[in-house]
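Read-outs: derived from the displayed coordinates by stated rules, not from any lab. Here the structure is a predicted model, which is why all the values come from computation and not from measurement. Cβ atoms come from the backbone with ideal geometry, glycine included; neighbour counts cover every protein chain shown.
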Amino acid sequence: MSDLDYAGFRAEVRAWMQAHLRGEFEPLRACGGLGDSRYDPKLAKRWEQELARGGWVGVGWPKEHGGRALPLSQQVVFHEEYVRAGGPGRLGHIGETLLAPTVMAFGTPAQQRRFLPGILAGTEYWAQGYSEPNAGSDLANVQTRARLEGDTWIIDGQKTWTSWAHESDWIFVVARCEPGSQRHHGLVMLLVPLRQKGVTIRPIRQITGDSEFNEVFFDGARTEGELHLGAPGEGWKVAMALLGFERGVSTLGQQAGFEREMACLIEVARRNGVARDPVMRQRIAQAAVTLDALRCNALRVLAQDDAAAGGVPVSREAYIAKYVWSNWRRDFGRLAADVLGAAATLPDDDPLAQQLRQVWLFSRSDTIYAGTNEIQLNLIAERALGMPR
Amino acid sequence: MDLRLTEEQRQIADSIGQLLAHASDSAGMRRAAFEHGGFDASLWAQLGELGACGVHIAEAHGGLGLGATELVLVAEEFGRRLACVPWLESVVLAGTTLAALGDDRVAAHWLPPLASGEQIVTLDIGLAPGAPLSVRREGADLRIDGVLPAVPAALAARSLLLPVPDGNERRLMAIGLDAPGVLRRARENHDATRPVAEVSLQNVRVRSDECLAHGAALERALARGRLLAAAVLASELVGVAQQCLDLTVAHLAQRVQFGKPLATFQALKHRCATMMVAVELARSAVLGAARTFDAQPDDARLLRPATMARCLADEAAQYCTQEAIQLHGGVGFTWEFDPHLYFKRAQAARAWFGTPGTWREQLAASLLDEVAA
């Protein structure tokens, strides 16, 4: 496939976006989503429903689950055009791209019938309950407990860094269901409603000043006895499979978002004269070509996935993906701040400058969440290079 | 853009890789570099038989008719083994330039012997600044005087393609390197695997009607050759970086200190992981650039992918060669161990086809400067 392929489909996405991302949705244009202070979650949910009506949620899902079953390469085109058209960060991302594929792979038919339609319609939102105060990089140290009482799971414990819990309806929780079990044994993946008495959500203030993630306390929280994904005791397998879905087509949408940020930086640099500084010119060019290389790397990963569905060991380019994009963006954040000069720390009304300030601060989280730099390097050394543990 | 490789593409790279692993292993490469002036004639002959000298040359001219993707896959193997052959110079640079002239007569004359490996052709890429050539017209002849201080592969090559100023354009002349008045002298070279020679031209006579091309067609072909050669050089550098990573991981696995293999220390594992990050990202850049070349957009759209490949591979090679020396410890500074040979290649390559900084500045101009109305 060349960049020219799917020309008709590209035009279709572009035309739809142009016709729908307007009017009441105008304020969402080019909003980053997670961590962007301009992002109005109520409006973002209506936007998700608008997308759903257009058939743009679950484009890669199989038809039997209400999706469009588009091939990977065409999904990529959708994500790219979506972002290029100014489409905002997707509030439904966790449900659509993480939970749903896991429900399809491990869920019962009843679970699939119950949860997939709400995700597909943009009416039910999901949060991810993995990290705990003592289980960050060391996720297998999960302490949250779950016990079955009659036909009800009772959950006690605490999750943290839970993005969008305050705007979500459900949370998938990794909990210890076999008392005394160790590490990755004896865990269960539970689907738990967030709006209940036993759940307390407390926002955590981030270095941006906003609160996009939360602490979530479970104090005798309840969920139905059949709402475990996969067998109790095998939660680790399900939890890891879910993370596997994280490396996927959305990385290309994210890539298109970075390209938008790059265009924004170039615009600011041209406007304020930084574009004439020879050292900054070198840095900007280097950032631009490294961004292009990230895209090539993502396409290489996707080509692998496309070619060899399942059972194939993770390729080397897949091992480096998270490390390279997150470090690129952190460096880019620093470059953005340098392009802004004093305006990096002295906010003004310029919306472009506002976006760059947001990137400067928010990019500091990229190298931490979803596996820190240090964990990524461990994985690369031990799994990709085969160095001893 | 689809970055999947076909079975045939993998096979081509594998077959060259296997040949080089045997014929240009450390001992073989060192023999060619230090005892045979950096040219392994028997390896070159074997490559010719395998078709490696005609990878991207049209089938009509005796090549395999493949594209940039196959070129970069093969180039990585050359870089990995520091193979002492003028493949980049003759096949990639001269071959691409000659083909890009778009002149069937020129192609039919020059490409078949180049594609078989019988004829090695080189181009002056301006590695070292020299005084401008003096060119006089003598009837139908041109008389050329001057010194080209650093011409790659000039000792192994039979012909030198030389753009010669004539009025307000340039003409591409072919100089026989054993012709009267041509003097070649090998330059001392820290990168002994890629020899460079000084070429003096004393009243060298060429017939002006034997000009291969001139004016805009020539400049376009030279630009195309340089762009593709820069991307292919980048792939060689990925091979350089990969080999340094492999040597380092192997060394750390067998070297025991403090009672355990060095490979068990997290500080060192992270260093190797960071090397792999650089290698794989550069490889992705090179493959992506090659795909763009194969889609054959106009040259203006090749600047960015060529810059990407050039800059990312430069970084990977600089970083991995430095780390290989460091992580080998004391032996990394010895002549006996290989990292220094790769380190020298990585540095030498920076001057080829424009430094990474020059490429970046060119790209910056296209990104940041107002287009003149």
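A few notes on this one:
- Residue-wise HN-Hα coupling along region A:163-176, computed from phi with Karplus coefficients 6.51, -1.76, 1.60 (Hz; x: Gly, Pro): 5, 6, 4, 5, 10, 9, 9, 9, 9, 9, 10, 8, 9, 8
- Theoretical FRET efficiency, 1/(1+(r/R0)^6), r = Cβ-Cβ of residue B:34 and residue B:333, R0 30 Å, to 0.05: 0.95
- The calculated FRET efficiency for the pair residue A:22 and residue B:209, based on their C-beta separation and a Förster distance of 60 Å, comes to about 0.35.
- 5 angstrom amide H check on residue A:144, placed H, neighbours 5+ away: A:158, A:176
- Compared with the direct C-alpha span, the chain from residue A:352 to residue A:370 gains 3.7 nm at full extension, assuming 0.36 nm per residue.
- Residues residue A:69 and residue A:42, FRET efficiency given R0 of 45 Å [Cβ-Cβ distance, rounded to 0.05]: 0.90
- Counts of other chain beta carbons within 10 angstrom of each beta carbon in peptide B:309-318 average 2.
- Antiparallel bridges, percent of DSSP beta bridges restricted to region A:126-235 (to nearest 5): 85
- Segment residue B:366-residue B:103, length gained on full extension (0.36 nm per residue, minus Cα span): 91.6 nm
- Put a dot 7 Å past the Cα of residue A:314, heading toward its Cβ, do the same for residue B:258, and the two dots end up 2.7 nm apart.
- For chain A, the longest principal axis of the C-alpha atoms and the axis of helix A:316-340 are separated by about 50°.
- Crossing angle, helix A:109-121 versus chain A [Cα axis fit, 0-90 degrees, rounded to tens]: 30
- Each DSSP beta bridge with both residues in region A:69-204 is either parallel or antiparallel, and the antiparallel ones are about 70%.
- Relative packing of A:7-13, B:147-153, A:277-283, which averages over residues the other C-beta atoms within 10 Å, highest first: B:147-153, A:277-283, A:7-13
- Counting Cβ atoms of other protein chains within 10 Å of each residue's Cβ and taking the mean over peptide B:266-275 gives 6.
- Available extension along the chain between residue B:10 and residue B:158 is 50.1 nm, counting 0.36 nm per residue and deducting the alpha carbon span.
- The distance between label points at residue B:250 and residue B:188 comes to 3.2 nm (points 7 Å beyond Cα on the Cα→Cβ vector).
- Partnerless cysteines in chain B, where a partner means another cysteine C-beta under 4.7 angstrom, comprise B:53, B:84, B:211, B:272, B:311.
- For region A:161-185, backbone nitrogen atoms closer than 19 Å to the point 7 Å from residue A:137 Cα along Cα-to-C-beta are found at A:161, A:183-184.
- Descending by average beta-carbon neighbour count within 10 Å, the peptides B:64-77, B:180-193 line up as B:64-77, B:180-193, the highest first.
- Against chain A, whose longest principal axis is taken from its Cα atoms, helix A:72-84 shows a tilt of about 60°.
- With each label modelled as a point 7 angstrom along the Cα→C-beta vector, the residue A:241-residue A:181 pair spans 1.5 nm.
- Mean projection area, nm², convex hull over Cα of the protein assembly as shown: 36.3
- Averaged over the residues of A:279-285, the number of partner chain Cβ atoms lying within 10 Å of the residue Cβ comes to 6.
- In summary, the helical segments of chain B meeting the span-like criteria, namely a full DSSP H run, a Cα extent along the axis of 27 angstrom or more and a mean Kyte-Doolittle hydropathy of at least 0.5, are B:215-254.
- Charge sum, other residues only, whose C-beta stays under 12 Å from residue B:272's C-beta, Lys/Arg counted +1 and Asp/Glu -1: -1
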